[in-house]
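Enquirer: Input: one structure, supplied below.
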Amino acid sequence: MGAAGSLYYGGLVEERIRVVVAGPGPGGPEPSAEVVARVLRDAGMEVVYTGLDQTPEQLAATVVQEDADALGVAVADAAHLTWLTRLVEVLAERGVEDVAVFAGGAVPEEDRPGLERVGRVFPPGTAPTEIADWLRGRLTSA
């Protein structure tokens, strides 16, 4: 997937990072997803915010349709490991293997290793700017 747009700075062209942000299930942590979406926009990234109640299949379709570089998901319940694993499987089924996946939310410590095999996990209290910095580093060094 490639960056969707470019920014022009006095002779230099910088590709914009395109990120899909979602709060997947009903009752998910929508406010935290909205904060992350806003911070990433303020950091100069293009953000597609899907809102709540998205299935892995719907999010994968959005990632493909939007030609996204990254996908961020706010998680809040015990199904996060199964849900995120399924999301990465669906992305792979669609030939999408170069998207940076990250999650944030109240993830029990014992579940973190499983989630970190799927993507980067940001615990509650992480400064949203840290997420923006991680995305830049991850996507511009690839």
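Enquirer: Can you give me the long-range amide H partners of Gly104? Hydrogens built in the peptide plane at 1.01 Å from N, cutoff under 5 Å, separation of 5 or more residues or another chain.
Expert: Val73, Ala74, Val75, Phe122
Enquirer: Of all GluC sites (Glu not before Pro) in region 69-118, which ones are in loop regions per DSSP and have a Cβ with at most 10 other Cβ atoms within 10 Å?
Expert: Glu97
Enquirer: Taking amide H positions as placed in the peptide plane 1.01 Å from N, state which residues far from Val47 in sequence (5 or more) or on other chains have amide H under 5 Å from it.
Expert: Val19
Just so you know, all these numbers are worked out from the coordinates, no wet-lab data involved. Note that the coordinates shown come from a computational prediction; the quantities given were computed from them, not determined experimentally. Quick reminder, even Gly has a Cβ in these numbers, built from the backbone with ideal geometry, and neighbours come from all protein chains shown.
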